[in-house]
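The values are calculated or read from the model by the stated rules, or taken from the named source; none is laboratory data. No experiment lies behind these values; they were computed from the predicted model shown. Here the Cβ positions follow ideal geometry from the backbone for every residue, glycine too, while neighbour counts run over all protein chains shown.
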2 protein chains.
Amino acid sequence: MSKYSICLDIGGTKILGVIFDEQGSIVFRLKKKTKAKDGIQNIEDTIVSVVDELLLGFGITLEDVDAIAAGAPGVINQETGVVLFSPNLPWENYEIKRILEARFKVPFYIGNDVNIGVYGEWKYGAAKGLTNVVGLFIGTGMGGGLILDGKLYTGYNCKGAELGHMVLNTEGPRCNCGQRGCLEAFSSKNGMTDYIHQQIKRGRSTLMEDAITEGVFKSKAMKAAYEADDDVMMEAIDRACHYLAVASGSLVNIFSPEMVVYGGGVMEALGDVFLEKIVDQVDAYCMPSIRNSVRFAKAELNDDSILYGALALIHENHNI
Amino acid sequence: MSKYSICLDIGGTKILGVIFDEQGSIVFRLKKKTKAKDGIQNIEDTIVSVVDELLLGFGITLEDVDAIAAGAPGVINQETGVVLFSPNLPWENYEIKRILEARFKVPFYIGNDVNIGVYGEWKYGAAKGLTNVVGLFIGTGMGGGLILDGKLYTGYNCKGAELGHMVLNTEGPRCNCGQRGCLEAFSSKNGMTDYIHQQIKRGRSTLMEDAITEGVFKSKAMKAAYEADDDVMMEAIDRACHYLAVASGSLVNIFSPEMVVYGGGVMEALGDVFLEKIVDQVDAYCMPSIRNSVRFAKAELNDDSILYGALALIHENHNI
């Protein structure tokens, strides 16, 4: 018997939790703040309290729940449910599946957030019904996901699909990963922020000045500066889209996918504007014979891609 | 009952044909010249005569043969056996499977030469037993092959795995495919030949001058110039290996494969020298966590990779 599913999007600053009904609709949701520096135990307690409050808030018990699933940043072994490493959470070889299954007595599944975000877009969103899909999620960093021959591809030890770390220019800016000129170093919020900082240092003025004093800018500030024709922000966006076009072209030649789907906070804020800037340039970097059969599209599930991907993990594991 | 298999490597200048016994050993081989400009019918006749002469030479008949399989350059639909397009042969939407099965009355299979060359290396060569393998074959052009989750990956309409057309430098030299700065434009014989031409135009002298008057150089001439410490050839090789390292790094980050295997004429001629030059630089372009679990290796089947790949196609289709 199929029942409710609980799905979580565990990030470095917040945990989103939802309840899906058996028709795959979100019937209840809540959000809690979390901080990596809170430590492992506190984060575990927050996850547990999110689940408990979802149950309480919607008025069901664990007996009504088929399974719990989550997406989180980092290198995550989907088979074993072990987080090998996470850039934004204090987890290393963290046996989250074992721990949460012991706590809740229902099956728990977990995958890399962007991997399963693309999985969600494939099962329920923009890429439904296709066989080969490449996904790029443009946020603070740049994550990737691959659906190949109708299956989520993660590579040896689930370490693959690091599409944000394709090297596009060996003389390019230093990336957080240690390489130079990665897609992420040009086209993520981190990369755009660095570019804006450089321009400010050169004495140029921009509406973004206040927005980037603490870490990366918020998508809302980016959108406001874009709408006000802020030169520096415009350049940062154009540069981001140029390198996204280069990377997308290579990915098209590598995979001959039916779709490249773009998600994440930046995409959600700038939407068609951002997509058009990529598509306008991408032809120069795709082989024409392959270009014909690929579509470039915006993610449809927006903030919920990862939650739907978690639902898809449950369905896959329970053969629903 | 498993019997003999006939396998062909159909190229733009020659057709190699072999007979495999049921243990998977090559027991007879021959080679015939072919030219794209001979036209479709002449090439078809040459293929037929290669098969006939293999049978006659080894003293068997078609009744002793399980199947015939081939690798050829171009975009080839493995399911239907139709060559959609070939850069070096006069084939367009050419129904080679239908034609040759009507002629020989035994099953015929065909795939892109480098795709199945990597498949051969995976079934019988350097990458035996692994699950995720990336292959680059460095010859006149630059072909690619992908084994993902234990299966040959070819993408939508078998147009994928064009690893030679990843764009590595948008300001780079023009590639035959129309793009700028593809891996092929730097690191194939075509790319190295263009570089050598440029240096000669600048007044530099090189042992390669005579070797490149007609099209690309032969691997033997490259090796001789390398061994004579020819400056221009050395630079062309270093540049080729630099860009192979950049591309390999990105491919490692994309796939988290267990092995990147390098084949083709250039690799066969320069072997470990060439491989070492790639591996020496590749760390700068791989994420350290993924780099740990990947090996970089030379193809083991050399000139016969594609023939073994064709044998693997037969085994796959006959569930052997």
Looking at region A:119-137, which of its residues are more than 10 Å from chain B (Cβ to nearest Cβ) and either modelled with pLDDT under 95 or assigned to a loop (DSSP other than H, G, I, E, B) (or both)? A:125, A:126, A:127, A:128, A:129
Going by what's in this entry, would residue B:27 be described as in a strand (DSSP E or B), in contact (Cβ under 8 Å) with a residue 12 or more places away in the chain, more than 22 Å from the chain's Cα centre (by Cα) and outside the structural domain of residue B:144 (by TED's automatic domain parsing)? yes
In region A:78-107, residues that are in contact with a Ser or Thr (Cβ under 9 Å, 6 or more places away or on another chain), modelled with pLDDT under 95 and not charged (D, E, K, R) total 5
Of the conditions (1) within 23 Å of residue A:170 (Cβ to Cβ); (2) in contact (Cβ under 8 Å) with a residue 12 or more places away in the chain; (3) away from every other protein chain (no Cβ under 14 Å), residue B:208 fails just one. Which one is it? (1)
Expected single match for surrounded by 24 or more Cβ atoms within 10 Å (Cβ to Cβ) and either modelled with pLDDT of 95 or more or within 14 Å of another protein chain (Cβ to nearest Cβ) (or both) among B:236, B:224, B:228 is B:236
If we scan region A:40-53, do we find a residue that is surrounded by 13 or more Cβ atoms within 10 Å (Cβ to Cβ), under 24 Å from residue A:177 (Cα atoms), of a type in the set (Ser, Thr, Tyr) and within 22 Å of the chain's Cα centre (by Cα)? no
Expected single match for out of contact with any His (no Cβ under 9 Å at 6 or more places or on another chain), part of a helix (DSSP H, G or I) and either outside the structural domain of residue A:239 (by TED's automatic domain parsing) or over 30 Å from residue B:154 (Cβ atoms) (or both) among A:193, A:140 is A:193
Given the criterion in a strand (DSSP E or B), within 14 Å of chain B (Cβ to nearest Cβ), of a type in the set (A, V, I, L, M, F, W, C) and under 21 Å from the mean Cα position of the chain (by Cα), identify the matching residue among A:68, A:15, A:19, A:76. A:76
Out of the residues in region B:172-200 meeting the condition of being more than 7 Å from chain A (Cβ to nearest Cβ) and of a type in the set (S, T, N, Q), tell me which one is nearest to the chain's Cα centre (by Cα). B:188
Single residue of region A:139-155 satisfying the filter (without any contact (Cβ under 8 Å) to a residue 24 or more places away in the chain and crowded, with 19+ Cβ neighbours inside 10 Å) that is farthest from the other protein chains (Cβ to nearest Cβ): A:153
Members of region B:100-120 that are in contact (Cβ under 8 Å) with a residue 40 or more places away in the chain and touching a Phe, Trp or Tyr at 6+ places or on another chain (Cβ under 7 Å): B:100, B:114, B:117, B:120
Can you tell me how many residues within region B:156-171 are outside any loop (DSSP other than H, G, I, E, B) and within 7 Å of another protein chain (Cβ to nearest Cβ)? 5
Output for region A:105-126, where each listed residue is under 26 Å from residue A:87 (Cβ atoms), touching a Lys or Arg at 6+ places or on another chain (Cβ under 9 Å) and not charged (D, E, K, R): A:108, A:109, A:110, A:122
Under 6 Å between Cβ atoms, at least 6 apart or on separate chains: pull out the pairs that start in region A:273-287 with a residue that is assigned by TED's automatic domain parsing to the domain that holds residue A:245 and end on any residue that is surrounded by 13 or more Cβ atoms within 10 Å (Cβ to Cβ) and of a type in the set (Phe, Trp, Tyr). A:279/A:296
Apart from one, (1) among the hydrophobic types (A, V, I, L, M, F, W, C); (2) modelled with pLDDT under 95; (3) surrounded by 21 or more Cβ atoms within 10 Å (Cβ to Cβ); (4) part of a strand (DSSP E or B) all hold for residue A:110; the odd one out is (2)
The listed residue being in contact (Cβ under 8 Å) with a residue 12 or more places away in the chain, out of contact with any helix residue (DSSP H, G or I) (no Cβ under 9 Å at 6 or more places or on another chain) and closer than 30 Å to residue B:62 by Cα, out of B:123, B:97: B:97
